[in-house]
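We did not get these values from a lab; they are worked out from the coordinates using the rules stated. Everything numeric here is computed off the predicted structure, so don't read it as measured data. Reconstructed Cβ throughout: ideal geometry from the backbone, glycine too, with neighbour counts over all protein chains shown.
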Amino acid sequence: MSGAAAVGRRTRWLPPPLVVVPLCAVAFALLAVAVAGRHGAPFPVDRSALDWSVDHRPPTAKALARAVTASGTGVLPWLGALLAGALAGSGTRRRLYGAGGALLFLLAGQAVRYGLVRTIARPRPPVEDWATHASGFAFPSGHTTTSALTAGVLVWGVARASRRGARGDRRATGWPSVACPLMVLLGCWAVAVGLSRIYLGVHWATDVLGGWLFAGVWLGLGAALVRWRFPGP
């Protein structure tokens, strides 16, 4: 099976935005209400995950986790959004529009997340259990949300570049063969960033789950908008 066919086969199995958005939204709302109802107190799974991480931090693993977690913030996600938009477009104008749209998408998602963080105001785990610097409230996790949103827009960009290559665009001929491995790597990166926040003791496990659910809602809304407003390759 060719790379393009593999991408097409996989994307046909992806749930449509109208399925992803309500499922993630309901799950996130239930989790947020539960967190707020406990006034931010950790759930048993939160405490168990933190206790395990504190007891399993050899220097090499801790250094690796810090490197992974650092990739989920700062300039890298914004560069990723720019790259995604550039990959998605088939010409200079579309690439500029795509890059600007991806940046606005990420910025708007961050603004909504920040509002939720301030509203719920969940405290972080005890500072003596931290293995890296952190600030602000905990739910939903910012690094987790940012990396998941960045991975999502990059998957979108790679998928569109791959489809153009499959349809004969000479500027995108190499993408069909590498699209699927790249998508898997992007998903693994987003998961690793979220898990690193738990491992380093700066987030409860449910903060990370909340970040993934919120990102699922936002990515689903973005996918629905793209399908409606910008159909085609």
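A few points about this structure:
- Gap separating the Cα centres of the stretch 44-110 and the stretch 177-208, nearest whole Å: 9 Å
- Residues within the reach of a label modelled at Ala70 (point 7 angstrom out along Cα to beta-carbon, backbone nitrogen below 17 Å), restricted to the stretch 112-134, are 131-134.
- Per-peptide packing, taken as the mean over residues of other Cβ atoms within 10 Å, places 216-224, 184-192 in the sequence 216-224, 184-192 from highest down.
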